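Structure record follows, encoded as structure tokens.
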Amino acid sequence: MPPNVPVLQNVHVLQSPASRELIESLRDRIASLEGARRPREKKPISSGCEGLDQILPDHGFHRGTLVEWLASGEGCSAESLVFATAREAWRAGGAVVVCDQAQQFYPPAAVRLGIKPEGMIVVQAASDADNLWALDQALRCPGVAAAVAWPEKLDPRTFRRLQLAAEQGGGLGLLVRPARAKSEPSWAEIRLAIEPMPTTEPHGPRRLRIQLLRSRGGPTGAVAEVEIEYETHPLPCVSPGPSPAACRRAAGA
Amino acid sequence: MGVEESPTPGCLFLDITGLERLFGGEMALAGQILRDFAARGLAVRVAIADTLGAAWAVARFGTGQAPVSLFQELPGSECGETVAASPSPARHTDPGPFPPSRDHSLHPPEQRRPGTAIVCIPPGQSLRALKPLPVEALRLPLETIEKLHSLGITRIEQLERLPREELACRFGPGLIQRWDQALGRLAEPIPVWPPLPKFAVRHELEHPVTNREQVAIVLEQLVARLSEQLVDCGCGALQLECRLECQEGEVVAMGVGLFQPTASPRHLSQLAQTRLERATIPSPLVAISLGASLVGPLEHRQEELFVDAPMRNGSRFLAMLIDRLASRLGRGAVLRVRPLPDAQPELAYRYDPWVSMRGRDTAVRSAGRPFPASRARCHRPARAQGDGQKVLRDDPVATGGALPPRPLRVLRRPIAVSVISLAPHGPPFCFRLRGKEHRIAWTWGPERIETGWWRGPAIARDYYRVETADGHRFWLFRDLKDGRWFLQGHFA
């Protein structure tokens, strides 16, 4: 497990320029101790979602790191955020590798999100080991902008290896994982928990609640409620049947 | 002798000037060619004409009706084609399909006549023979043909009536050039096709070897030798074939396909070693041979695929990544996406392997590769696209533009779910999935997707996007044929 990081959350009480300088230098030392050798000048990759960017330490993800997305079950729209991030990374150049061991990835939806079909490499490995190997290889490749995978089980050593691979290749590793992985140690730079929020009106946007569970060298715990543009509805809410409220009543709920 | 210069060559050209005397006439020579190809199991079509262009045109597009052609009925001959060009007074011949052309898609079947396997245009009759043929017979680029068609010019005789100067400025110099070449006003040399050397190396071991490390060392030396051979010819390997010969006579053959031609010893050796690690060696090895069974020119141009990438090296690294992935996981596991215009969600895209064999034999080889049944079933060949599906939408808003959202996760096979709906044909109210009941709070739809019966198994489904009370979104459909409900995917 990575070392526990002192969180510099209350630095704003120290206001004098000298102490600010001191804090800056301490921050840098911590960052170097952590081995986060990312070049400072490089612009981070936006998540493609403004609300999410707000809670991220540098308003985006850094190249050469892993991001863990803990999804609260099927249908929670976490992947929409993941692929929006992949799209942003892809726009800056490179390809998106999708390690789709379960063979459930649906490319037309990603194309709809704005990733060109020729920019995607879909890998369908037959076993967990092959899948992680493929992910590792993809992360090591400098031509890869982002690699997406759904690793359910990830032991710390493999995790660490993936992180080093991402550091070497300079791409973004996007790992979608079940919510129960929350208790497991993580080598990811950022760990986010995604939960859907019930829709309140028929033509309303898709709303999600995102919590920043972990951020290497930065404050954690921030929560954002975001709206995503992707799942707006050209089809109307069912008109002939009873309204949802009526349905609920009829069911005695 | 040469091969048509085209990305998908279909013709062999042969200069038969003066040769016919040795064979007892042009027809006899053509017959001989036909028989020789037939002996190799290839059905070809032979055309003899004054020029390369005319022979090509007649071989590809000539029908039996050409006023000046002679036919020879050969029982049982199928149609490939063979071109014979012979500029008068000199005479040439050239036979046909390279590799065995069965590519009927190139030519509508009605343009091919079984039986008219030999067409001969007598000297000086090229123009007469060409007149009734379509403009495609002039070996023109697709844009020019489309332009001509849009002006209503489909036959060469229509083209011939137009003033030459206007043709040149309207369609560019290419058209005039082809036209002159076909009529012999402009000389056209037959492109020379030098036979490629065989790239193969072999190493016989002094003692039978079982140690994998030793095998790996030998393999590396072989790769180095092979890559030297390749570099000398400016070629890169597209397919490596490695054969391990064992003491007991067994041969372990391993093939590795590559995405881009390469001669880099490091890369080739990596790929070969990956395969070696996975190979089982039944008995001690006595010899190892390595060959590049498919090569391509070593090019240093940017691949078109990742043209957006600002980093120039990116595509090279990606090519290597694809090779590595494909060599361990198999060609069929590293896929590229081709969207198809199909209303049925499972058929709206197709996966193709990134690593494919170049050229004509692509289709042959990939057809020979068994795909998992489920995938083969839902990935139709490209010709299925566009014929006869329709989407009916209840809602005028939806007809304005794009399809409703599609989920990022779609199940390979829809799962049957039990659904309660309040109205007989109404939207779902709650559904049960893996023992858990999901109360539906919101429903969007239905989006009706129907396909024509003539396309194979027809489907008629009403798709609903639903949101459960706790905010999760799923994609359900009701099969309109039997009213059963299925889960197709989730909006992940």
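A few comments on the model shown:
- Taking segment A:202-218 as the range and being modelled with pLDDT under 80 and either aliphatic (A, V, I, L, M) or under 22 Å from A:ILE190 (Cβ atoms) (or both) as the test, the residues that pass are A:GLY217, A:GLY218.
- Residue within segment A:224-244 that is part of a helix (DSSP H, G or I), modelled with pLDDT under 90 and crowded, with 16+ Cβ neighbours inside 10 Å present: yes
- Of the residues examined, B:THR443 is not one that is crowded, with 21+ Cβ neighbours inside 10 Å and more than 9 Å from chain A (Cβ to nearest Cβ).
- Set side by side, the residues A:ARG87, A:ARG91 differ, and just one is more than 9 Å from chain B (Cβ to nearest Cβ) and either of a type in the set (A, V, I, L, M) or surrounded by fewer than 24 Cβ atoms within 10 Å (Cβ to Cβ) (or both), which is A:ARG87.
- Selection from segment B:446-474 of residues that are more than 14 Å from chain A (Cβ to nearest Cβ), crowded, with 16+ Cβ neighbours inside 10 Å and outside any strand (DSSP E or B): B:ARG455, B:ILE459
- Flag for B:VAL256 being among the β-branched types (Val, Ile, Thr) and within 26 Å of the chain's Cα centre (by Cα): yes
- Residue check for B:ARG338: surrounded by fewer than 16 Cβ atoms within 10 Å (Cβ to Cβ), closer than 17 Å to A:VAL98 by Cα and modelled with pLDDT of 80 or more: yes
- Within segment A:140-158, residues that are more than 18 Å from B:ALA492 (Cα to Cα) have Cβ atoms under 6 Å from residues that are of a type in the set (Phe, Trp, Tyr) and surrounded by 22 or more Cβ atoms within 10 Å (Cβ to Cβ) in these pairs: A:ALA145/A:TRP90, counting only partners at least 6 apart in sequence or on another chain.
- Condition met for A:PRO142 (over 22 Å from A:GLY60 (Cβ atoms) and not small (Gly, Ala, Ser)): no
- Contact map, segment B:315-333: residues that are more than 7 Å from chain A (Cβ to nearest Cβ) and within 9 Å of B:PRO353 (Cβ to Cβ) paired with residues that are assigned to a helix (DSSP H, G or I) and at pLDDT below 90, Cβ distance under 6 Å, separation 6+ or inter-chain. No pairs are found.
- Top-ranked residue of segment B:475-484 - restricted to ones that are in contact (Cβ under 8 Å) with a residue 60 or more places away in the chain and buried (at least 22 other Cβ atoms within 10 Å of the Cβ), ranked as nearest to A:ALA110 (Cα to Cα): B:TRP475
- Here is the figure for segment A:47-59: residues that are part of a loop (DSSP other than H, G, I, E, B) and either surrounded by fewer than 19 Cβ atoms within 10 Å (Cβ to Cβ) or of a type in the set (D, E, K, R) (or both) total 3.
- Selection within segment B:469-489 - at pLDDT below 90 and under 34 Å from the mean Cα position of the chain (by Cα): none
- Conditions (1) out of contact with any helix residue (DSSP H, G or I) (no Cβ under 7 Å at 6 or more places or on another chain); (2) over 15 Å from B:ALA343 (Cβ atoms); (3) at pLDDT below 85: number failed by B:VAL466: (3)
- Within segment A:64-77, considering residues that are farther than 21 Å from A:GLN124 by Cα and modelled with pLDDT under 90, the one surrounded by the most Cβ atoms within 10 Å (Cβ to Cβ): A:SER77
Conditions tested, residue by residue: (1) charged (D, E, K, R); (2) more than 7 Å from every other protein chain (Cβ to nearest Cβ); (3) in a loop (DSSP other than H, G, I, E, B).
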site	(1), (2), (3)
A:ALA102	no, yes, yes
A:GLU118	yes, no, no
A:LEU132	no, yes, no
A:LEU139	no, yes, no
A:THR158	no, yes, no
A:LEU164	no, yes, no
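- The set of residues in segment B:14-70 that are under 22 Å from B:ARG185 (Cα atoms), modelled with pLDDT of 85 or more and part of a strand (DSSP E or B) comprises B:ALA47, B:ILE48, B:ALA49.
- Some residue of segment B:169-181 being modelled with pLDDT of 85 or more and touching a strand residue (DSSP E or B) at 6+ places or on another chain (Cβ under 8 Å): no
- Residues that are farther than 19 Å from B:TRP56 by Cβ and in a helix (DSSP H, G or I) within segment B:151-170 comprise B:GLN158, B:ARG161, B:ARG164, B:GLU165, B:GLU166, B:LEU167, B:ALA168, B:CYS169, B:ARG170, listed in sequence order.
- Among the conditions (1) at pLDDT below 75; (2) part of a loop (DSSP other than H, G, I, E, B); (3) surrounded by 12 or more Cβ atoms within 10 Å (Cβ to Cβ), A:ALA31 misses just one, which is (2).
The values are calculated or read from the model by the stated rules, or taken from the named source; none is laboratory data. Everything quoted here is computed from the prediction, not taken from an experiment. As a convention, Cβ positions derive from the backbone with ideal geometry for all residues, glycine included, and neighbour counts pool all protein chains shown.
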